[in-house]
Amino acid sequence: WGAFLKLVIADRLAIMTGKLFVEYYDYHGLVLMVNSLAYTMQIYADFAGYSYMAIAIARLFGFRLGDNFRQPYLATGIQDFWRRWHISLTGWFTEYLYFPLGGSRKGTFRRYVNIMIVFLVSGLWHGAAWSFVLWGALHGVYQVIGHLTRQGRTRLYQRLGIRMESGAFRAGQRLVTFALVSFAWIFFRSESLVKGLVY
């Protein structure tokens, strides 16, 4: 399954997305939007593919590795996304950066600062480029805004009579989360911050 994800899906999508991320100025908005969604699928198939292959190879030698991806694009929020996406890396940043910074133990403001630090470092970890820093910053901002607005959103849904446990509401959460993640991937993939902004 991992080889299928990597070789059949990710590597095939990379041919199209690679071309359009370089020649983005030749295409209009709808094509670029579809391309960014294709890249969203490509990066999942690529990362999850090699993770599944590593899990399978480890089992051949008698080792059991934990899952590294748990259907991240079905997440109902950004925090949920990071519980499902690249679990080993997320766990490492949580254990060795977020907790030593104080986590959420030193007040609300400090918690938000720590979240931003973790995601900015995560961006730099992927590469020393402003596009990666912006990708990390976006995910940090998503999380902070999610925390800041949680109670207000809950009260609003109650006043409007929206059932938060309904299937339609969960589907809406998944759609919004997927859109936010897909938007951030544009900067992750772009060759520079300026090209990402123009894209």
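Excluding residues on the same chain fewer than 8 positions from Lys6, give the aspartates and glutamates whose Cα lies under 18 Å from its Cα.
Hits, sequence-local ones excluded: Asp46, Asp67.
Quote the relative contact order of the chain in percent (integer), defining contacts as alpha-carbon pairs under 8 Å separated by 6+ residues.
Numbers: 208 pairs, mean separation 43.4, N = 199.
After rounding, I find 22 percent.
How many nm is it between the label spots at His28 and Thr108, if each spot is 7 Å from the Cα in line with the beta carbon?
Output for this residue pair reads 4.6 nm.
Considering only protein heavy atoms, what is the solvent-accessible area of Glu95 at a probe of 1.4 Å, reported in Å² to the nearest 10?
Near enough 100 Å² of accessible area.
So which residue, out of Leu65, Leu20, Leu160, gets the largest mean-square fluctuation from a GNM of the chain using Cα contacts under 10 Å as springs?
Among Leu65, Leu20, Leu160, the largest GNM mean-square fluctuation belongs to Leu160.
Checking the cross-link filter: which lysines have an alpha carbon closer than 18 Å to that of Lys195, excluding same-chain neighbours under 8 positions apart?
By straight Cα distance, Lys195 reaches Lys19.
Hey, what do the phi angles of the stretch 72-82 turn into as Karplus ³J(HN,Hα) couplings, whole Hz, using 6.51/-1.76/1.60 and θ = phi - 60°, x for Gly and Pro?
With the stated coefficients, the stretch 72-82 comes to x, 7, 9, 5, 9, x, 5, 4, 5, 4, 6 Hz.
Can you compute 3J(HN,Hα) from phi for each residue in the stretch 177-190, using the Karplus curve 6.51 cos²θ - 1.76 cosθ + 1.60 with θ = phi - 60°, rounded to whole Hz and x for Gly and Pro?
4, 4, 5, 5, 5, 4, 4, 5, 4, 4, 6, 4, 8, 5
Once phi is turned into θ = phi - 60°, what whole-Hz ³J(HN,Hα) does the Karplus curve with 6.51, -1.76 and 1.60 give for every residue of the stretch 8-15, x standing for Gly and Pro?
Calculated HN-Hα couplings, in order: 8, 8, 4, 5, 6, 4, 4, 4 Hz.
As a test question: what accessible area, to the nearest 10 Å², does Met33 have when a 1.4 Å probe is rolled over all protein chains in place?
100
Could you name the aspartates and glutamates whose alpha carbon sits less than 19 Å from that of Lys106, not counting residues in the same chain fewer than 8 places away?
Within the straight-line cut-off, Lys106 pairs with Glu95.
Could you check which residue among Thr90, Thr40, Thr177 shows the biggest mean-square fluctuation in a GNM of the chain with a 10 Å Cα cutoff?
Thr90
Please build a GNM for the chain, connecting alpha carbons under 10 Å apart, and tell me which residue among Phe119, Phe169, Phe81 fluctuates the most.
Phe169
The values are calculated or read from the model by the stated rules, or taken from the named source; none is laboratory data. Quick caveat: nothing in here was measured; it's all calculated off a predicted structure. Cβ sites come from the backbone with ideal geometry, for glycine too, and all protein chains shown count toward neighbours. These accessible areas exclude ligands, DNA and RNA; they are computed on the full protein's heavy atoms, side chains included. Shrake-Rupley method; radii C 1.70, N 1.55, O 1.52, S 1.80 Å.
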